[in-house]
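The values are calculated or read from the model by the stated rules, or taken from the named source; none is laboratory data. All values reported here derive from a predicted model rather than from experimental measurement. No Cβ is skipped: glycine too gets one built from the backbone with ideal geometry, and neighbour counts run over all protein chains shown.
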Amino acid sequence: MQELGLEVTADQIAELESHVDDVDFELAAAEEKKCRHDVMAHVKAYAVLCPRAAAIIHLGATSAYVTDNTVSTIITSMQLCIFICLR
């Protein structure tokens, strides 16, 4: 991101990477009840884990970007499973 001219520090990136697998699903569910937006609920829950990087978590990514890529990944995985099963 730094190569793109965005003000993102190495410390912020390291903080995000160190918590990539620490999803707090209970906090995300509580946030979703408040904001009624699944993606933003996870963004807020991730921000709690990464306070120094909170300002950049949603930088440039829209909810559609996140959900569209998730659906694309699921479809690709399903196609691969079908291909393997039909061999």
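Which one is surrounded by the most Cβ atoms within 10 Å (Cβ to Cβ), of the residues in segment 29-60 that are part of a loop (DSSP other than H, G, I, E, B) and more than 13 Å from the chain's Cα centre (by Cα)? Break it down into steps so the answer makes sense when it comes.
Here is the first cut: in segment 29-60, the residues part of a loop (DSSP other than H, G, I, E, B) are 36-37, 50, 57-60.
Still in the list and also more than 13 Å from the chain's Cα centre (by Cα): 36-37.
Working: ARG36: 9, HIS37: 13.
Step by step, filter segment 29-60, then rank; the result is HIS37.
Name the pairs: first residue in segment 6-18 and surrounded by 11 or more Cβ atoms within 10 Å (Cβ to Cβ), second residue at pLDDT below 90, Cβ to Cβ under 6 Å, at least 6 apart or on different chains?
What qualifies is VAL8/MET1; VAL8/GLN2; VAL8/ILE56; GLN12/ILE56.
Does segment 7-28 hold any residues that are over 12 Å from the mean Cα position of the chain (by Cα), assigned to a helix (DSSP H, G or I) and not aliphatic (A, V, I, L, M), and which are they?
Within segment 7-28, ASP11, GLN12, GLU15, SER18, PHE25, GLU26 qualify.
Looking only at segment 61-71, decide whether some residue is assigned to a helix (DSSP H, G or I), exposed (fewer than 13 other Cβ atoms within 10 Å of the Cβ), modelled with pLDDT under 90 and of a type in the set (Asp, Glu).
Our first condition is that a residue be assigned to a helix (DSSP H, G or I); within segment 61-71, this holds for 63-71.
This time we only want the ones that are exposed (fewer than 13 other Cβ atoms within 10 Å of the Cβ), so: 64-65, 67-71.
Restricting the remaining residues to those that are modelled with pLDDT under 90 gives 64-65, 67-71.
Cutting the leftovers down to of a type in the set (Asp, Glu) gives us 68.
Checking segment 61-71: at least one residue is assigned to a helix (DSSP H, G or I), exposed (fewer than 13 other Cβ atoms within 10 Å of the Cβ), modelled with pLDDT under 90 and of a type in the set (Asp, Glu).
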